[in-house]
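To start, the structure itself, in structure tokens.
The values are calculated or read from the model by the stated rules, or taken from the named source; none is laboratory data. Everything numeric here is computed off the predicted structure, so don't read it as measured data. We place every Cβ from the backbone using ideal geometry, glycine too, and count neighbours over all the protein chains shown. For accessibility, only protein heavy atoms count, side chains too; no ligands or nucleic acids. Shrake-Rupley method; radii C 1.70, N 1.55, O 1.52, S 1.80 Å.
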Amino acid sequence: MKKSILFTSESVTEGHPDKLCDKISDSILDAYLKQDPYARVACEVSATTGIVTVMGEVSSNAVVSIPEIVRATVKEIGYEGESYGFNADTCAVIVSLDKQSEDIDIGVSQSIEMKQGEKRGTADTIGAGDQGMMFGYACEETDTLMPAPIYYAHALCKKLAEVRKHVSFLGPDGKSQVTFEYLDGIPNRIDTIVISIQHLPEISQEELYHVILEQVIYAVIPQEMIDKKTRILINPTGRFVKGGPSADTGLTGRKIIVDTYGGMGRHGGGAFSGKDSTKVDRTGAYAARYVAKNIVAARLAKRCEVQIAYAIGVAQPVSVYVDTFGTSFVQDGVLSEMVREVFDLSPGSLIAQFDLRKPIYKELAAYGHMGREDLHVPWENTDRIDEMNEYLNRHRDTLSH
């Protein structure tokens, strides 16, 4: 008898209060990078009724109008006028930004390898901006090598955001949740779909249900994944009028599971948005996804998780760990050694490989940082397959069945 389990992932729209803050943080980061590609930015945002607060540390010669960026981002997301409780034109914007700590700058600008004369190349001159561990994940469940639950949760939220722009009674704040039934580890069918979307008070639940069912769910979810037992819950409380920052305080970095793998892979705990590329919370996580995706794309494993750990001020990772959950014909230890040789995971090298000094982050702030083939981000490339196979061919004697 096949083993059956249920697994659930959620996503949120760009109008969700936490995602609104992520979007503002990354819009500010992009604004600095447009003028100064070497800007050091760690920008966090909170939003509540009538107020947006911008906090953090920035070291740059760029001149950026923070209030202007905040209002433009909030308006673009859809909080314009008074209909949805938050107004881009009238909200207060409080800014409290300081310079990056000199103690951190010492480690980032000159790695320990550089100070000790041990650097392997020019990339090793940059040290990691903090300590920490980052995880990457890939599997064969979808064409993008992302887990099916988060893949379809994101697709639903992206469709929600698209539909609300031409349906006058839908608001910016929304969520999706998708529960898959897995049989022996393979996604078999969708058990439950939950959609919550902000709306104007005069719209009936029946009309809203019909629009979401026809224009969002049926437009996104393949017919064969839904059967007679699939539960579809749309605004299950029956009312979602008050939303956005006027209903819940938003904060940058509070949707890290939405940003990555929907809980299917582990997470090191560090958020991405508002951080420049010297912060390994962001760059290391992109690298871990890149490695994991290449391993699965090379058919070295059906499922792969990669952990990379850094020490502040040190260029090379302190550890690299690969877990293929028993789906590879190669020992995980061999794959870990392969990763260290094939991939340069120092922050300086990753910044160059992924071209991370460009202002690319605003578009990543919603609907996930991983699996974003629609944005053509470099960490989704599968261009290291030949190098990995070459390494394994040289080490055939260490391979194990």
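Identify the single condition in (1) among the charged types (D, E, K, R); (2) on the phi < 0 side of the Ramachandran plot; (3) surrounded by fewer than 17 Cβ atoms within 10 Å (Cβ to Cβ) that Asp355 does not satisfy, given that it satisfies every other one.
(2)
Yes/no matrix, rows are residues, columns are (1) among the charged types (D, E, K, R); (2) within 23 Å of Gln316 (Cα to Cα):
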residue	(1), (2)
Arg231	yes, no
Gly262	no, no
His267	no, yes
Gly274	no, no
Thr278	no, yes
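Considering region 167-192 alone, what residues qualify as being of a type in the set (Phe, Trp, Tyr) and over 23 Å from Ile5 (Cα atoms)?
Phe169
Considering region 250-295 alone, what residues qualify as being more than 14 Å from the chain's Cα centre (by Cα) and surrounded by fewer than 22 Cβ atoms within 10 Å (Cβ to Cβ)?
Scanning region 250-295 gives a single hit, Leu251.
May I ask you to verify whether Lys34 is open to solvent by 60 Å² or more (accessible area, probe 1.4 Å), under 30 Å from Asn188 (Cβ atoms) and not in a strand (DSSP E or B)?
So Lys34 does not fit the description; no.
Determine which single condition Val41 fails, assuming it passes every other condition in (1) assigned to a strand (DSSP E or B); (2) closer than 28 Å to Lys158 by Cβ; (3) open to solvent by 30 Å² or more (accessible area, probe 1.4 Å).
Val41 satisfies all of (1) assigned to a strand (DSSP E or B); (2) closer than 28 Å to Lys158 by Cβ; (3) open to solvent by 30 Å² or more (accessible area, probe 1.4 Å) except (3).
Here's a check for you: in region 1-31, which residue that is hydroxyl-bearing (Ser, Thr, Tyr) and crowded, with 23+ Cβ neighbours inside 10 Å is farthest from Phe86 (Cα to Cα)?
Only one residue tops the list, namely Ser9.
Out of Ala88, Ala72, report the one residue that is open to solvent by 10 Å² or more (accessible area, probe 1.4 Å) and within 25 Å of Lys255 (Cα to Cα).
Ala72
Results for (1) of a type outside the set (Gly, Ala, Ser); (2) in contact (Cβ under 8 Å) with a residue 24 or more places away in the chain; (3) surrounded by 18 or more Cβ atoms within 10 Å (Cβ to Cβ), shown as yes or no for each residue.
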residue	(1), (2), (3)
Pro172	yes, yes, yes
Val178	yes, yes, yes
Leu183	yes, yes, no
Ile190	yes, yes, yes
Ile193	yes, yes, yes
Gln198	yes, yes, yes
Ile203	yes, yes, no
Glu214	yes, no, no
Asp227	yes, yes, no
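Being surrounded by 22 or more Cβ atoms within 10 Å (Cβ to Cβ) and part of a loop (DSSP other than H, G, I, E, B) is the requirement here; does Leu345 meet it?
Yes; evaluated as a whole, the condition is true for this residue.
When you look at Ala315, is it in a loop (DSSP other than H, G, I, E, B), aliphatic (A, V, I, L, M), more than 28 Å from Thr252 (Cα to Cα) and open to solvent by less than 10 Å² (accessible area, probe 1.4 Å), yes or no?
Against the criterion (in a loop (DSSP other than H, G, I, E, B), aliphatic (A, V, I, L, M), more than 28 Å from Thr252 (Cα to Cα) and open to solvent by less than 10 Å² (accessible area, probe 1.4 Å)), Ala315 does not qualify.
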